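The values are calculated or read from the model by the stated rules, or taken from the named source; none is laboratory data. Values in this document were obtained by computation on a predicted structure and should not be read as measured data. Heads up, the Cβs are rebuilt from the backbone with ideal geometry, glycines too, and the neighbour counts pull from every protein chain shown. Each accessible area value is taken on the protein alone, full model and side chains, heavy atoms only, with ligands, DNA and RNA left out. Shrake-Rupley method; radii C 1.70, N 1.55, O 1.52, S 1.80 Å.
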Amino acid sequence: MKLKINGKQHQLDVDPAMPLLWALRDEVGLTGSKFGCGMGLCGACTVHVDGQPVRSCVTPVGGLAKARITTIEGVAGKVALALRAAWVQHQVAQCGYCQSGQLMSAQALLQATPAPTDAQIDDAMSGNICRCATYARIRAAIHSAAAALKGKA
């Protein structure tokens, strides 16, 4: 099957039931998305499918032949740059394990909602667990990135 990942076509010889996470990590060599719970509950494996955040550990590759898949390695543009700068500014990363999933969810949030409220941030990020509990820093970083994108930072 063919998968379009980060703008590039990949030909994979895998079982259609294989979770996308394993196709990305083991077949394509993109290891930025992490295995966390394996049940779609922690968000460490979050990638974008057609611009929407999905949990790759529970998403079979079989239905993705026509989809645009974006991983943390393929995220680019002004939203990504603003988020990365804000992540550093607010020292969000502690152990770092959940960060790719956090950033993928934050990216999707800011693309859909350029000036999110605290409640919208909490809702969008509620599926991403941070064992280091940096939730206040994540929220502040998303607000900073939103302000920077509006030219207010």
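Overview of results
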quantity: Residue in segment 58-91 that is surrounded by the fewest Cβ atoms within 10 Å (Cβ to Cβ), counting only those that are among the charged types (D, E, K, R) and outside any loop (DSSP other than H, G, I, E, B); calculated: K78
quantity: Test: residue in segment 24-38 that is closer than 20 Å to L103 by Cα and part of a strand (DSSP E or B); calculated: no
quantity: First in segment 45-56 and in contact (Cβ under 8 Å) with a residue 40 or more places away in the chain and β-branched (V, I, T), second anywhere and open to solvent by 10 Å² or more (accessible area, probe 1.4 Å) and outside any loop (DSSP other than H, G, I, E, B), Cβ under 8 Å, 6 or more apart; calculated: T46/P53; T46/V54; T46/R55; T46/S100; V47/P53; V47/V54; V47/T70
quantity: Breaking point among (1) in contact with a Leu (Cβ under 7 Å, 6 or more places away or on another chain); (2) surrounded by 15 or more Cβ atoms within 10 Å (Cβ to Cβ); (3) free of Cβ contacts under 8 Å to residues at least 60 places away in the same chain, for P114; calculated: (2)
quantity: Search result, residues across segment 132-143 that are of a type outside the set (A, V, I, L, M) and part of a helix (DSSP H, G or I); calculated: Y135, R137, R139, H143
quantity: Selection from segment 92-104 of residues that are part of a helix (DSSP H, G or I) and either touching a His at 6+ places or on another chain (Cβ under 9 Å) or over 30 Å from D13 (Cβ atoms) (or both); calculated: Q99, Q102, L103, M104
quantity: Filter pass, I129 being in a loop (DSSP other than H, G, I, E, B), open to solvent by less than 70 Å² (accessible area, probe 1.4 Å), touching a Gly at 6+ places or on another chain (Cβ under 9 Å) and free of Cβ contacts under 8 Å to residues at least 60 places away in the same chain; calculated: no
